[in-house]
Amino acid sequence: MRNSAVVIGASGGIGAAVAERLGTSGRFEVVHALSRSRTGLDLEDEATIAAAAARVSDGPAPTLVFVATGVLHDGHQPERTHRALTSDHLLRDFRVNAVGPALVAKHFLPLLPRDSRAVFAALSARVGSIGDNRLGGWHAYRASKAALNMILRNLAIELSRTHPQTIVAGLHPGTVDTALSAPFRKGVDPAKLFAPDAAAGRLLAVLDGLTSADSGRVFDWDGLRVPE
């Protein structure tokens, strides 16, 4: 079967590594490596997402859409207290971490095959788990990732009716040696600081092991389910 893979955020550390691994795997006829810097796809501009989906639709149907985007600091430090909350920070994190992937789903899910296995995955975070939150803080990031997790769950329920073999999943990559994690690595066990290529390999292996019964859930890099 002719097929393709789509990586959104392919200029970032994890996204670039995922695109590279997919490109050398021999499993896909085409790998679309999309990002703002490479192809003009901006998660805060729906028109660019729609245009990217239109370009992908001209070729083999995607059987994997991997959203490897996210923002944590980049001008806003994670809040340690409610006194640090600002609307700008909250809205920015929600636009990039939740709204952006939702709009990717809006435009790319219609391209997936209805009668065979396909995967829509997005980078989430364990700190987006409500049940696993014991430390508090990081309000904007936690809340935006929790919102993403709910969106993924909603998509899974909807697609179970129209695309019963499609799997929707969130992925927690662990601490990866990228710009996103750079300010927050103090005290991280070196054995648990993953190179982007190693993280990409682990995440793709997790996706390969999922079934339709797992759709709508979030999984750690080691395949363990993250609590809601």
- Query: Hey, how many Å between the Cα centroid of region 56-111 and the Cα centroid of region 1-50?
  - Reply: 15 Å
- Query: Considering amide H positions built from the backbone, and no H for Pro or chain starts, which residues 5 or more places from ILE167, or on another chain, come under 5 Å of its amide H?
  - Reply: ALA118, VAL119, PHE120
- Would you pull out the residues with amide H under 5 Å of VAL176's amide H, same chain only if 5 or more places away, H placed 1.01 Å from N? PHE194
- Please state, as a whole number in µm²/s, the translational diffusion coefficient that the Stokes-Einstein equation yields for region 8-101 at 20 °C and 1.002 mPa s, with Rh defined as the Kirkwood radius across alpha carbon pairs. 145 µm²/s
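Go ahead and run the numbers for FRET between LEU224 and ARG38, Cβ-Cβ distance against an R0 of 22 Å, rounding to 0.05.
Working: r = 33 Å, r/R0 = 1.48.
The calculated FRET efficiency here is 0.10.
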- Do you know the relative contact order of region 4-220, to the nearest whole percent, from alpha carbon pairs under 8 angstrom that are 6+ apart? 22 percent
- Message: Run the numbers for ARG117 and ARG27: contour at 0.36 nm per residue of separation, minus the present Cα-Cα distance, in nm.
- Response: 31.1 nm
- Message: Quick check: residue separation of ALA179 and LYS106 times 0.36 nm, minus the Cα distance between them. What number comes out in nm?
- Response: 23.5 nm
- Based on the alpha-carbon gyration tensor of region 109-228, what equivalent-ellipsoid semi-axes (square roots of 5 times the eigenvalues) come out, in whole Å, largest first? 27, 17, 11
- Task: Report, by chain and number, residues whose modeled amide H sits under 5 Å from the one on ASN3, excluding near sequence neighbours (fewer than 5 apart, same chain).
- Result: GLU29, VAL30
- Message: Quick check on the chain: of the DSSP beta bridges with both residues there, what percent are antiparallel, nearest 5%?
- Response: 5 percent
- Task: Take each of the peptides 151-159, 100-108, average the number of other beta-carbon atoms within 10 Å over its residues, and list them starting from the highest.
- Result: 100-108, 151-159
- Dipole of the chain, positive direction: furthest Cα of PHE194, VAL119, GLY13, with charges on the beta-carbon: PHE194
- Cα convex hull of the chain: how many Å³ per residue? 117 Å³
- Query: ³J(HN,Hα) across region 210-225 via Karplus (A = 6.51, B = -1.76, C = 1.60, θ = phi - 60°), whole Hz, x for Gly/Pro?
  - Reply: 7, 10, 4, 5, 8, 4, x, 9, 10, 10, 5, 4, 9, x, 7, 6
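Arranged by the count of other C-beta atoms within 10 angstrom, fewest first, what order do SER35, SER11 take?
Numbers: SER35 22, SER11 18.
The fewest-first ordering by Cβ neighbours comes to SER11, SER35.
We did not get these values from a lab; they are worked out from the coordinates using the rules stated. The structure presented is a predicted model; accordingly, all values stated were derived computationally and were not measured. Backbone-built Cβ (ideal geometry, glycine too); neighbour counts: all protein chains shown.
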